[in-house]
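Working notes, structure below.
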Amino acid sequence: MTAIYKREVKAFFHSFIGWLFLAVNLFMFGIYFTVYNIISGYPNIAYVLQSVVFLFMILIPVLTMKSLSEERKLKIDQLILTAPVSIFKIVLGKYLALLTVFALPVVIIGIVPFILSFFGAFQIGPSYTALCGYFLYGALGLAIGLFLSSLTESIVISAVLTFTVLFAGYLMPGLCSIISQTGNIVTKLLRAFDMISRFDEMLNGNFYVPSVLYYLSGTILFLFCTVQSLKKRRYGSGKKGVYSFGLVITAIALTIIVNAAVKLLPEKFLSLDVTSNRLYTLTDDTKEMVSSLSEDIDLYVLAGEEYKDINLDKTLSKIADLSEHVTVTYVDPTVNPNFYSNYSLEEPTANSIIAVGPERSRIIDYDSIYEYEFYSYYEYQITGYDGEGQIVSALAYVTTDAMPKIYVVGGHQELELEERFLQAMQKENIVYEPLSLLTQEAVPDDAQAVIINAPLNDFSEAEADKVIAYLEKGGNAILIPSWTDEEMPNFERILAYYGVSVITDGVIIEGDADRYYQQIPYLIFPQINAAPVTDRIIDVSVLAPYAQGLSYQEEAEGIYYTPLLETGENSFIKTYDQSELEFATDFKKETGDIEGPFVIALQAEKTTENAEISNAVIIGVEFFFTTDADSIVPGNNVKFFGSAISALTEHESSILVPVKQYTELLAFSTRTSAVVGILTIIVIPLCCIVAGFAIWFYRRKK
């Protein structure tokens, strides 16, 4: 076998075929790599591999067409067939030689993710998982080509047959859709030849075991068929030939059974989440919540099996595996176009989910499953995945009767809560409404909490009285003072109700380099103290930009304080205004600066004169609940927000799974892009061509 392997490898690289195969692979990879990764900044090579996989239909037939056909045509195959070596070793030697040639560009491509990891948060796991799928796809294609080469002595017919089979495997999803939108026995049989969908399942950061098994079992099957084909030629069509045919049928049946059986396993055994931030792994909170369900819930996905979202389907399967009370059903809108009308007046988008419980239902629109950043009407980037969060929120909604209500106070140029924080309340199944104290006589009685988020203008005396009257009746609040030069005595009265005030006008500078973000000492990673409000973030980091210290009497009568966030021992306050801070470069501590540490967030529990309990979460960070801050510590500021509103509303059934953020785009200079483009598209492929031509020319002259 070793001799056959060496002979085949030398044949490829002593001729022009091996070098041409290497050059074309690297040339096409270089084009898409430069466009997707260098110019567009995508942080993995999955899109690149998905774009170049069509090359298999052209290059694999060229690589395999002469493997066995040419020897048969030149009548030298008898020398091999009569050699003192088993047919299995002959086939394996030839196949490993083909695989070696194919593996060379794969190995070179495999160096790319490691190099790019030095330029930013490059997705190593998803890149190598996609590359693994790419290699296995190619390995199966080579086995198919080798088998078809054994059936004919015509090189052309061998190449055409291989191209046809690979082309059909590439187009099979579309062909099945043409035959039937809903699927039938024919499409189920044809799906066995769907090679491209298995590859697609490994492009999103999931190492998918059924796809790996499909490629490996398919490769083994076609190699086995090649062995049987050569055995039939060695022994003729007598008894051994008939016996070989029976073995082929048995091998095909066994391959089908193995691939069908693995799909019956729970989803948790079928895929491995290799993303750096565990995009597709269920959180412990989700597992606990779903496992404890006692009521039946139906999740209807408005999509045919042919058009389902792969990531969402895996999340749904993992959730369904946790509880027998959760059932997932795909409803094809082309077959049942009015199914949604039982639950909504407006038609949801394709792949939307309808969660139906005993008493109520909720529609999870597919547009909310992913988070987008739009550059223009046509240009956008997917920045986050929220499948788990939206589904869990819907499960909680349809199984709970308690729907707390929070009012968001406005009318004083408050900082508006951005979409992800409003979605956090919705995902907590908490109703929220805006509240204008100018038009309302009082805070509504159904308010379980109010949010006052960084007002720039002061409250009137009457408005402050309304808030304090609400708190005196046992109301709850999230209070965030703003960093402003304007006098705000009435808003300060609301803070003073809990015995809290802001320490001077200025901003906290963190003196410990490990506790701030990217050499900007006023973007602080504060210490998180253990408390019910911080349970969800105790092991992670939150970002506190432009923080102000909070002052309070630790032993105030009737008030119990729990510090939540604190700065480090080396922190201090400088009396910048905001315009000065933006251009400041010197953050050294000076005489007169107020020394830390500082409490920048706390919970205050006050026993009112009416013997009621009023709770408040007070945060001295104006921009704490903003998308910009939350994006730096993916989802953790939102987690804090969700924990705070849950604690204040005593909403025990709530669970908040924040949007799981994708890695940000990489950034390269124009010069770097040009150099990398020239190197990958021109220099490396050209070197392969020159090397191949030089070897061919040398051997021809020799």
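The values are calculated or read from the model by the stated rules, or taken from the named source; none is laboratory data. In this text, all values refer to a predicted model and were calculated from it rather than measured experimentally. Ideal geometry is used to build each Cβ from the backbone, glycine not excepted, and the neighbour counts take in all protein chains shown. Just the protein is used for accessible areas: all its heavy atoms, side chains included, with ligands, DNA and RNA removed. Shrake-Rupley method; radii C 1.70, N 1.55, O 1.52, S 1.80 Å.
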Quiz prompt | Charge dipole (debye, nearest 20) of segment 340-437; +1 at Cβ of Lys and Arg, -1 at Cβ of Asp and Glu | solution = 380 debye
Quiz item: How much accessible surface area, in Å² rounded to 10, belongs to the heavy atoms of Glu605 with a 1.4 Å probe?
Solution: 80 Å²
Exercise. Would you rank Thr575, Thr162 by solvent-accessible area, highest first, keeping every protein chain in place and using a 1.4 Å probe?
Key: Thr575, Thr162
Practice problem: Could you pull the accessible area for Trp696 with a 1.4 Å probe, rounded to 10 Å²? | Solution: 90 Å²
Quiz item: Between Leu247 and Ser117, what FRET efficiency follows from the Cβ-Cβ distance if R0 is 41 Å, with the result rounded to 0.05?
Solution: 0.30
Self-check item: Residue (of Val290, Leu247, Ile257) at the positive-pole extreme of segment 237-320, dipole from beta-carbon charges
Solution: Leu247
Quiz item: Roughly speaking, what is the stretch gain from Asp485 to Leu189, that is 0.36 nm per residue apart minus the C-alpha to C-alpha distance, in nm to one decimal?
Solution: 99.3 nm
Quiz item: Does segment 593-702 come out rounded, prolate or oblate by the C-alpha gyration tensor, with a ≥ b ≥ c the root eigenvalues, rounded set by a/c under 1.5 and, if not, prolate when a/b is larger than b/c and oblate if not?
Solution: prolate
Practice problem: Set Lys and Arg Cβ to +1 and Asp and Glu Cβ to -1, take the dipole of the chain about its Cα centre, and tell me which of Pro545, Phe491, Leu415 lies farthest positive. | Solution: Pro545
Quiz item: Calculated from DSSP H runs of 4 or more alone, at -39500 (n - 2.57) each and per residue, what is the 222 nm mean residue ellipticity of the chain, nearest 500?
Solution: -14500 deg cm²/dmol
Quiz item: How high is the FRET efficiency between Met403 and Leu151 when r is their beta carbon distance and R₀ equals 45 Å, given to the nearest 0.05?
Solution: 0.10
Practice problem: Take the alpha carbon gyration tensor of segment 384-531, find the square roots of its eigenvalues, order them as a ≥ b ≥ c, and report rounded if a/c is under 1.5; if not, report prolate when a/b exceeds b/c, else oblate. | Solution: oblate
Quiz item: Given a Förster distance of 41 angstrom, what is the FRET efficiency for Ala513 paired with Ile678, based on the Cβ-Cβ distance and rounded to 0.05?
Solution: 0.55
Quiz item: Excluding same-chain residues fewer than 8 positions from Lys94, which aspartates and glutamates have a Cα within less than 16 Å of its Cα?
Solution: Glu8, Glu70, Glu71, Asp77
Self-check item: Beta bridges per DSSP with both ends in the chain, % antiparallel, nearest 5
Solution: 70 percent
Quiz prompt | Accessible area per residue in Å² at 1.4 Å probe, computed on the chain | solution = 47 Å²
Quiz item: Looking at the chain, do any whole DSSP H helices span at least 30 angstrom along their long axis by alpha carbon and average 0.5 or above on Kyte-Doolittle, and which?
Solution: 87-116, 124-149, 155-179, 209-235, 239-262
Quiz prompt | Options (i) 104, 61, 41; (ii) 83, 68, 49; (iii) 100, 60, 56 - which one matches Cα extents along the principal axes in Å as calculated here | solution = (i)
Exercise. Pop a pseudo-label 7 angstrom from the Cα along the beta-carbon direction at both Leu686 and Leu272 and give the gap in nm to one decimal.
Key: 4.1 nm
Self-check item: With DNA, RNA and ligands ignored, accessible area of Arg536 (1.4 Å probe; Å², nearest 10)
Solution: 60 Å²
Quiz item: Which value in nm describes the separation of the simple spin-label points at Asp284 and Leu438, placed 7 Å from the Cα toward the beta carbon?
Solution: 4.8 nm
Quiz item: If each of Ser344 and Ile257 carries a label point 7 Å out from its Cα toward its Cβ, how far apart are those two points in nm?
Solution: 4.5 nm
Practice problem: Assign unit charges at the C-beta atoms only (+1 for Lys and Arg, -1 for Asp and Glu), then state the dipole size of the chain relative to its Cα centre in Debye, rounded to the nearest 20. | Solution: 8760 debye
Quiz item: With the Cα gyration tensor of segment 341-448 giving a ≥ b ≥ c as the square roots of its eigenvalues, does the rule (a/c under 1.5 for rounded; else a/b larger than b/c for prolate; else oblate) give rounded, prolate or oblate?
Solution: oblate
